[in-house]
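Student: I have a structure here, written as structure tokens, and I will follow up with some questions on it.
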Amino acid sequence: MIRHMLTSLAAVAIAVPLAAQEVMPDPKAWGDVTAAAEGQTVYWHAWGGSNSVNEFIAWAGDQVQETYGITVEHVKLKDTADAVSRVIAEKSAGKDAGGAVDLIWINGENFAAMKDQGLLFGPWAESLPNWEFIDVEGKPAVKSDFTVPTEGLEAPWGMAQIIFYHDSSRLDIPPRSIPALRDWAQDNPGRFAYPQPPDFLGSTFLKQVVLELAPDPSVLSEPVNEANYVAATTPLWEYLDDLTPNLWRGGAAYPQSGARLVQLMNDGEIDLALSFNPNEPSNAIANFELPDTVRTYVLEGGTIGNASFVAIPYNANAKEGALVLANFLMSAEAQARKSDPAVWGDGTVLALDKLNAEDRAKFDAIALGVATLAPEELGQSLPEPHPSWMVRLEEDWTARYGVGQ
Amino acid sequence: MLGPVLAGLLGTLAPAFGYMPALGGTTFSLNAFEALFAWPGLSSAVGLSLGVGLASTALSLAIVTLICAGWADTRTFAMVERLLSPLLSVPHAAAAFGLAFLIAPSGWIARGLSPWATGWEQPPDLLILQDPAGLSLIFGLVTKEVPFLLLMTLAALSQVRAGQSLRVAQALGYSRVSGWLKTVFPLIYRQIRLPVYAVLAFSMSVVDVAIILGPNTPSTLAVQVVRWMNDPDLALRFQAAAGAVLQLGLVIAGLGLWRGLEMAVAGIGRRWTASGARGHRVFDQGVRGLALGLGAVAAIAVIAGLAGQVAWSFAGLWQFPDLLPDGFTFRNWQRHGARLAGPGLETLTIAALSTGLALLLTLACLEAEHRHGLRPATRALWLLYLPLIVPQIAFLAGFQTLSISTGVDGGRMAVTLAHLVFVLPYVFLALADPWRAWDARQDTVARALGAGPDRVLWMVRLPMLLRPVLTAAAVGFAVSVGQYLPTLLVGAGRVPTLTTEAIALASGGDRRVIGVYALAQMGAAFAPFALAVLLPRLIWRNRKGLLNG
Amino acid sequence: MDDGAAPSLGLRLEQVAISLGSVRLMALDCTIGPGEVMTVMGPSGSGKSTLLAAITGTLDPAFAMRGRIKLNGRDLAGLPTEAREVGILFQDEYLFPHMSVGANLAFGLKPGVKRRGARRAKIEDALAEVELSGFADRDPATLSGGQRARVALQRMLLSEPRALLLDEAFSKLDTGLRAQVRELVFETARQRGLPVLQVTHDHSDADAAEGEIVHL
């Protein structure tokens, strides 16, 4: 067995340089790309925890199948890291072409890490035909993922923003700022929870607190260093020291994800929660996961928002197919459907004024869900801090609150 | 079995010592271990893993032992056996979800008592689930380990002539429980030692159940390692690998500790046996009641948990403190029913293939042992058990790299082979004892009648052992159905099974969806158990000699 | 004593010695002629059953055997059990529980009898010989002890053995039945000219055999 393994490893090592001579697709020659894409199967690795998302992905697959003859297989992940691990494992095994992952739904730290390790194919995103409709001016996050320049290595396909939600039948007037939240928790101990960092929603809550309390929030857009870190986070730790005893379970246990917050809200264990998808509560109401008395809001000073993207690994097998799919995801047709709360309710990355009247009408026709805020109510989102902040915050949070000390 | 596990371990050891060229680690160093030991939660996590593993194993073994001591060969025992065995087919995560909904402060039990008995209009802020001591995790593990150990003990019981020993002891004036513990238990334990070790290793390394029921400030070491592996910060992969190596060391230490406990208990037991104490009837009654009670709690917890899943899968809005949902709906099943077909078929195909292969290998092995008069070597058994004892997190990442580099990757056959690594030990475990316990004189008679070994195998031995063969197949099938990480890693995500779909969907937290998939998963695993019971009854309905045996 | 020159009929145990490690369990040198019954007696653990295992070729590898075992002049060494043409009856009948009585007998019946009708007729005859006509479709588990013993005997005879071994074959039957079944077995063996080796610890079995008795 072992000998066989070694032989195979050797064979792979020899074969790799030859396989690497692959011709890379060029999105500027779009006709060639769509021609090469026909008949390909695109394995799209994307989080599979939501019906609405899964159904949208299935729909998108049907569309590109019909128009371009591309088959899309949704590889349902419980965590984006699984796809990243896969690419790393392939690189470790020397499989530099014909990889299993064609397209990944990704953003933030995962993107920064893959970009940093040279695991991504590109640049390609800004050469796609639909790039011209992207709202680059109004939504800077589409080119700057957690402040890391995307450099065309990933294409935006949705906008997310932190919202808070509460059951209006139990809690009528929720706290609308970070300090107000602390005071409210003091009066209502055990009725608020945030997911345990490094869950991305939990970490984002920490960043939201830092943004609101830091003496000079502008340092957050720069890489973290010892001096700016201490100054910016001292108010955070003071705040959390006050808040933690009044958290759900007194901070002795934390929910593991945003999904668990929905359960806790429904079970009446908490009265106030947060989400990274402004439409999640409306979706949950439609699925009987929450009562229809749940409402959402954003903090007075605004909340963190970001874009989510799709990226293509360096060794993807069906790069042309992935390019065509990514381009379709940025189309008015796909974006309008995606922002319909009855389908998913995710924010669009397009600038509506760049669209023709017909396409714009698709967006106008959308009816908002009962617990969904209108774009003007959501307001301008706050930018994500540089990813290096997240790493430090998560480490320190774990040391202070995550290990029972 | 050895190859994939060792290759996988190598794939973990290298990054633990800093070597992983894909992430820029090209020199060997101890940095990853330094980072690991600098992590502030390490000692708690290690202590927790060790404590949970030892406690749940000891508790499960105690319950199974006392049930057997108190009730073997009684009608109640047959009932307990029939009740507990199917629980083996409940996937771990499904059982954990069920239990979580049962015992949470907003769970089914609290709903049943609120507000009329408790006065709770809203659930109390009580730390029941995910308690820092890991009690609910231990509870969850025990409910799943008791059926497994019971099945193993039953197989052993048929071999050691337990009934005779017990009758002799009772004739000498020993009470039932004392007599059983003194005369039968030492023989039984020798036979089930490896399964017990497997249980210990499993409960120290389990991830899915520990995420649902276990504490998280900090969590067990295995869960923490998985977190690091999944962290977007790729530098943590090295720390994760170091953690996986530590986890392996921890399991070895745990096994060593258990071995020490074994010897201590054996010493005490010998003194107790030599003392000639006969045991008191009152004590006996107490023990019998306690054993039955604990076994019943384990069984009821799983069954009620499943009932909760059924209820959720049909539920409309369902809030605290309502005992039942506001309304029932078929919508969840309509929505997911059609989507179950593809993964369901894939699950069944892979399970059938891997179980078939495992059965073939096991039979070939056992038959060769029989024909050539070989003695089963304990050392060989250890090899077989390796995949059950080495924590999955310590070798699956390396296993994946191996499968990619050998090109056995990304397809149904690759996943089947990966499943085989885990299915084979269980099938062997379930079949070896009944196979060996078959009366060799039956073979002599058949051979003396002029039948060659093949004819004896096909015409006599296999038909007579139909039930254990089917039971072993059912166990293997259930193991295959439940595989998550091997399916995902070796299948490159391209081989969707009920379990991979269920776990992905479960990350969305909708209990209705979790319920639908858990029931589908459970159905896939349970059907073979039902067949294993029904088929022999049907085929041998006119053969009394095989119905009772 | 046999001088070893001419092949003789019957079961011949030539300087047979069986040992376990360095302990010699037994040594025997004898010939059982066609139709004769030899009885080996001895306390438990004296190696009676081990001797039979040596003859059927199922001796546990832990034991070592020296000497030769010959049946009608043919050395059995190295032959698999099924080629030795030695029938054996144990105290349990070992009727195959998953087969009907008829199927049990068919299992014993040599494959030389090909046609289905002929096979069935043979089986019916064998049942009739022991007064069990019409039992072919019965479940063996529903038979009485005496009936089972007779079916086991007939099953063995249908395989046309050239020698017969009895391992405490009658010890489970009660006294009346025991004499009856024993009589049937010995009589049949005599008629067919089969050498019989029985091991027992019961003197009535030995007496009924009317042959040589060896004490281990």
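Student: Taking B:S106 as the residue in question, decide whether it is in a helix (DSSP H, G or I), out of contact with any strand residue (DSSP E or B) (no Cβ under 9 Å at 6 or more places or on another chain) and crowded, with 19+ Cβ neighbours inside 10 Å.
Tutor: So B:S106 fails the test.
Every residue, every condition in (1) on the phi < 0 side of the Ramachandran plot; (2) of a type in the set (F, W, Y); (3) assigned to a helix (DSSP H, G or I); (4) facing chain B (nearest Cβ under 8 Å), yes or no:
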{"residue": "C:A77", "(1), (2), (3), (4)": "yes, no, no, no"}
{"residue": "C:E82", "(1), (2), (3), (4)": "yes, no, yes, yes"}
{"residue": "C:I88", "(1), (2), (3), (4)": "yes, no, no, yes"}
{"residue": "C:Y94", "(1), (2), (3), (4)": "no, yes, no, yes"}
{"residue": "C:H98", "(1), (2), (3), (4)": "yes, no, no, yes"}
{"residue": "C:A103", "(1), (2), (3), (4)": "yes, no, yes, no"}
{"residue": "C:K114", "(1), (2), (3), (4)": "yes, no, no, no"}
{"residue": "C:G117", "(1), (2), (3), (4)": "yes, no, yes, no"}
{"residue": "C:K122", "(1), (2), (3), (4)": "yes, no, yes, no"}
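Student: Among the listed residues A:S257, A:S177, A:S169, which satisfies the condition of being away from chain B (no Cβ under 11 Å), within 28 Å of A:G347 (Cα to Cα) and among the polar types (S, T, N, Q)?
Tutor: Criteria check complete, one pass: A:S177.
Student: Based on this model, can you work out whether A:P197 counts as under 23 Å from A:G49 (Cβ atoms) and not in a helix (DSSP H, G or I)?
Tutor: Taking the combined requirement at face value, the residue satisfies it.
Student: Then there is this: In segment B:122-138, is there at least one residue being over 30 Å from A:A193 (Cβ atoms) and either among the basic types (K, R) or part of a helix (DSSP H, G or I) (or both)?
Tutor: No; the residues of segment B:122-138 include none that is over 30 Å from A:A193 (Cβ atoms) and either among the basic types (K, R) or part of a helix (DSSP H, G or I) (or both).
Student: Which condition from (1) away from chain A (no Cβ under 12 Å); (2) in contact with a Pro (Cβ under 8 Å, 6 or more places away or on another chain); (3) assigned to a loop (DSSP other than H, G, I, E, B) is the one that B:P215 breaks?
Tutor: Evaluating B:P215 over (1) away from chain A (no Cβ under 12 Å); (2) in contact with a Pro (Cβ under 8 Å, 6 or more places away or on another chain); (3) assigned to a loop (DSSP other than H, G, I, E, B) leaves (1) as the failure.
Student: Looking at segment B:492-503, is at least one residue within 14 Å of chain A (Cβ to nearest Cβ) and surrounded by fewer than 22 Cβ atoms within 10 Å (Cβ to Cβ)?
Tutor: Yes, there is a match, as at least one residue in segment B:492-503 is within 14 Å of chain A (Cβ to nearest Cβ) and surrounded by fewer than 22 Cβ atoms within 10 Å (Cβ to Cβ).
Student: A further question follows. What are the residues in segment B:409-419 that are closer than 10 Å to B:P4 by Cβ and surrounded by fewer than 24 Cβ atoms within 10 Å (Cβ to Cβ), if any?
Tutor: Matches in segment B:409-419: B:L417 only.
Student: So, B:S43, is that one polar (S, T, N, Q) and within 14 Å of chain A (Cβ to nearest Cβ) or not? Spell out how you get there, then give the answer.
Tutor: Details: polar (S, T, N, Q): yes; within 14 Å of chain A (Cβ to nearest Cβ): yes.
In short, yes.
Student: Let me ask something else. Filter segment B:324-338 down to the residues that are within 11 Å of chain A (Cβ to nearest Cβ) and either small (G, A, S) or crowded, with 19+ Cβ neighbours inside 10 Å (or both) and list them by number.
Tutor: B:G327, B:N332, B:H336
Student: For segment B:7-49, give me the residue count where each residue is within 23 Å of the chain's Cα centre (by Cα) and crowded, with 19+ Cβ neighbours inside 10 Å. Step through it out loud before you land on a result.
Tutor: From segment B:7-49, those within 23 Å of the chain's Cα centre (by Cα) are B:8-9, B:45-49; that's our starting set.
Pick out the ones that are also crowded, with 19+ Cβ neighbours inside 10 Å and you get B:8-9, B:45-46, B:48-49.
Looking only at that region, the number is 6.
Student: Identify, by number, the condition in (1) within 14 Å of chain A (Cβ to nearest Cβ); (2) buried (at least 22 other Cβ atoms within 10 Å of the Cβ) that B:G3 doesn't meet.
Tutor: Evaluating B:G3 over (1) within 14 Å of chain A (Cβ to nearest Cβ); (2) buried (at least 22 other Cβ atoms within 10 Å of the Cβ) leaves (2) as the failure.
Student: Read through the list (1) surrounded by fewer than 24 Cβ atoms within 10 Å (Cβ to Cβ); (2) within 17 Å of the chain's Cα centre (by Cα); (3) not hydroxyl-bearing (S, T, Y), then give the number of the only condition that B:V469 fails.
Tutor: (2)
Student: Sticking with this one: Being surrounded by fewer than 24 Cβ atoms within 10 Å (Cβ to Cβ) and under 30 Å from B:G11 (Cβ atoms) is the requirement here; does A:G49 meet it?
Tutor: The answer is yes for A:G49.
Student: List pairs: first in segment C:128-155 and touching a residue at least 12 places away in the same chain (Cβ under 8 Å), second crowded, with 19+ Cβ neighbours inside 10 Å and among the polar types (S, T, N, Q), Cβ under 6 Å, 6+ apart or cross-chain?
Tutor: So the pair list comes out as C:V130/C:Q154; C:R155/C:N104.
Student: Assess whether A:Y254 counts as being in contact (Cβ under 8 Å) with a residue 24 or more places away in the chain, hydroxyl-bearing (S, T, Y) and outside any helix (DSSP H, G or I).
Tutor: yes
Student: Now for a separate question. Going residue by residue through segment B:60-73, is there one that turns out to be in a loop (DSSP other than H, G, I, E, B) and more than 12 Å from chain A (Cβ to nearest Cβ)? Walk me through how you get there before you give the answer.
Tutor: Filtering segment B:60-73 for residues in a loop (DSSP other than H, G, I, E, B) gives B:72-73.
Those left that are additionally more than 12 Å from chain A (Cβ to nearest Cβ): B:72-73.
Yes, some residue in segment B:60-73 is in a loop (DSSP other than H, G, I, E, B) and more than 12 Å from chain A (Cβ to nearest Cβ).
Student: Go through segment B:436-549 and tell me which helices (runs of 4 or more DSSP H), entirely inside it, have 1 or more residues that are outside the structural domain of B:L84 (by TED's automatic domain parsing) and in contact with a Leu (Cβ under 6 Å, 6 or more places away or on another chain).
Tutor: B:466-482, B:485-490, B:498-506, B:511-539
This table checks each residue for (1) aliphatic (A, V, I, L, M); (2) within 13 Å of chain B (Cβ to nearest Cβ); (3) surrounded by fewer than 20 Cβ atoms within 10 Å (Cβ to Cβ); (4) part of a loop (DSSP other than H, G, I, E, B).
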| site | (1), (2), (3), (4) |
| --- | --- |
| A:R249 | no, yes, no, no |
| A:I270 | yes, yes, no, yes |
| A:A273 | yes, yes, no, no |
| A:A307 | yes, no, no, no |
| A:V310 | yes, no, no, no |
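Student: With the condition kept exactly as written, say whether any residue in segment C:43-61 is in a strand (DSSP E or B), touching a strand residue (DSSP E or B) at 6+ places or on another chain (Cβ under 9 Å) and among the aliphatic types (A, V, I, L, M).
Tutor: Taking every residue of segment C:43-61 in turn, none turns out to be in a strand (DSSP E or B), touching a strand residue (DSSP E or B) at 6+ places or on another chain (Cβ under 9 Å) and among the aliphatic types (A, V, I, L, M).
Student: If I filter segment A:372-404 down to residues being more than 13 Å from chain B (Cβ to nearest Cβ) and among the aliphatic types (A, V, I, L, M), which single residue comes out as surrounded by the fewest Cβ atoms within 10 Å (Cβ to Cβ)?
Tutor: So the residue we want is A:A374.
Student: Of all residues in segment B:97-144, count the ones that are β-branched (V, I, T), touching a residue at least 24 places away in the same chain (Cβ under 8 Å) and within 14 Å of chain A (Cβ to nearest Cβ). Quick ask: steps written out before the conclusion?
Tutor: As a first pass, look at segment B:97-144 and keep what is β-branched (V, I, T): B:103, B:109, B:118, B:128, B:138, B:142-143.
Now drop any that are not touching a residue at least 24 places away in the same chain (Cβ under 8 Å), which leaves B:103, B:128, B:138, B:142-143.
Subset that is within 14 Å of chain A (Cβ to nearest Cβ): B:103, B:128.
Of the residues in that region, 2 qualify.
The values are calculated or read from the model by the stated rules, or taken from the named source; none is laboratory data. Since we're looking at a predicted model, the values are computed, not measured. Because the Cβ atoms are built from the backbone with ideal geometry, glycine has one as well, and the counts that use them run over all protein chains shown.
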